[in-house]
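K.L.:
The structure's right below; bear with me while I get my questions together.
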Amino acid sequence: MTIDKMVLKETLSDVSVGIIIAFPLSFCVLHLCNYLDFSLFVTSITQTTVFTFVAIVRKYCVRIVFKKGETNG
């Protein structure tokens, strides 16, 4: 088995950015849901929706950065 180093670098970058975003985002969503007195079910749906949207945008941005790197070098 061979490891594609560029794919590994992109994967690790994407996960690292995700971790950096996840904690403060989670805290903010939980704080907002608590403030609005949401039930656990609604809080779970809200958090899942927010994290999914952010993950799509994050992955798109990371992919664009690495795609530009592929064409430049």
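The values are calculated or read from the model by the stated rules, or taken from the named source; none is laboratory data. Note that the structure is a prediction, hence the values are computed from the model and not measured. Note that each Cβ is placed from the backbone with ideal geometry, even for glycine, and that neighbours are counted across all protein chains shown. Note: accessible area is taken over every heavy atom of the protein model, side chains too, but ligands, DNA and RNA are not part of it. Shrake-Rupley method; radii C 1.70, N 1.55, O 1.52, S 1.80 Å.
K.L.:
How many residues does the range 26-54 hold that are more than 13 Å from the chain's Cα centre (by Cα) and surrounded by 12 or more Cβ atoms within 10 Å (Cβ to Cβ)?
P.N.:
Start the filter on the range 26-54 by keeping residues that are more than 13 Å from the chain's Cα centre (by Cα), which leaves 27-46.
Subset that is surrounded by 12 or more Cβ atoms within 10 Å (Cβ to Cβ): 29-30, 32-33, 38, 42-46.
Within the range 26-54, residues that are more than 13 Å from the chain's Cα centre (by Cα) and surrounded by 12 or more Cβ atoms within 10 Å (Cβ to Cβ) number 10.
K.L.:
Could you count how many residues in the range 5-25 are open to solvent by less than 90 Å² (accessible area, probe 1.4 Å) and without any contact (Cβ under 8 Å) to a residue 24 or more places away in the chain?
P.N.:
Residues that pass the stated criteria total 6.
K.L.:
Scanning for something surrounded by 10 or more Cβ atoms within 10 Å (Cβ to Cβ), out of contact with any strand residue (DSSP E or B) (no Cβ under 6 Å at 6 or more places or on another chain) and of a type in the set (Val, Ile, Thr), does the range 66-73 turn up at least one residue?
P.N.:
Looking for residues that are surrounded by 10 or more Cβ atoms within 10 Å (Cβ to Cβ), out of contact with any strand residue (DSSP E or B) (no Cβ under 6 Å at 6 or more places or on another chain) and of a type in the set (Val, Ile, Thr), one finds none in the range 66-73, hence no.
K.L.:
Restricting to the range 27-73, count the residues that are assigned to a helix (DSSP H, G or I) and either within 30 Å of Met6 (Cβ to Cβ) or in contact (Cβ under 8 Å) with a residue 24 or more places away in the chain (or both). First the steps, then the outcome.
P.N.:
In the first step, residues of the range 27-73 are kept if they are assigned to a helix (DSSP H, G or I); the result is 27-35, 40-72.
Checking which are either within 30 Å of Met6 (Cβ to Cβ) or in contact (Cβ under 8 Å) with a residue 24 or more places away in the chain (or both) leaves us with 50-72.
The total comes to 23.
K.L.:
Condition (residue is in contact with a helix residue (DSSP H, G or I) (Cβ under 9 Å, 6 or more places away or on another chain), among the aromatic types (Phe, Trp, Tyr) and modelled with pLDDT of 95 or more) applied to the range 40-56: is it met by at least one residue?
P.N.:
yes
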